[in-house]
């Protein structure tokens, strides 16, 4: 039975993460998918190398495309591993905020909120301390 409608003829999505997930799921439904998560990890490494190459070339549009490809591949890894990508990024956002607030509190006490007095080395040390909390 032939159907000329594209497998990717999906409803409109307000959220590009959901759209990427739907595209990947639709493609996978007809067998266009990595056999396992290792293939996706290898693709992520490849895409990261392409991002690095574009940084060197300093072409903003191509860099944007390559970062998009990297993000698309990371979303694909989450799909392969059954990770809820929204919960994952929400958790990472929350973790970043907790750690950053730890740094802010230190800067507020030690430097009266004047960030310019704090070196990047000290900020990195504070970040590591926050990770241990």
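The values are calculated or read from the model by the stated rules, or taken from the named source; none is laboratory data. On a predicted model such as this, the values are computed, not experimentally measured, just so you know. No Cβ is skipped: glycine too gets one built from the backbone with ideal geometry, and neighbour counts run over all protein chains shown.
A compact table of results
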{"quantity": "Some residue of region 60-83 being loosely packed, with under 12 Cβ neighbours inside 10 Å, within 30 Å of residue 123 (Cα to Cα) and at pLDDT below 95", "calculated": "yes"}
{"quantity": "Subset tally (residues that are in a loop (DSSP other than H, G, I, E, B) and under 17 Å from residue 69 (Cβ atoms)) for region 9-33", "calculated": "2"}
{"quantity": "Pairs with Cβ under 9 Å, 6+ apart, first in region 2-28 and not assigned by TED's automatic domain parsing to the domain that holds residue 74, second in a loop (DSSP other than H, G, I, E, B) and surrounded by fewer than 15 Cβ atoms within 10 Å (Cβ to Cβ)", "calculated": "7/30; 7/32"}
{"quantity": "Considering residues of region 34-69 that are in contact (Cβ under 8 Å) with a residue 24 or more places away in the chain and assigned to a loop (DSSP other than H, G, I, E, B) only, the residue farthest from residue 11 (Cα to Cα)", "calculated": "36"}
{"quantity": "Residues that are over 25 Å from the mean Cα position of the chain (by Cα), loosely packed, with under 11 Cβ neighbours inside 10 Å and either in a helix (DSSP H, G or I) or at pLDDT 95 or above (or both), drawn from region 92-114", "calculated": "109"}
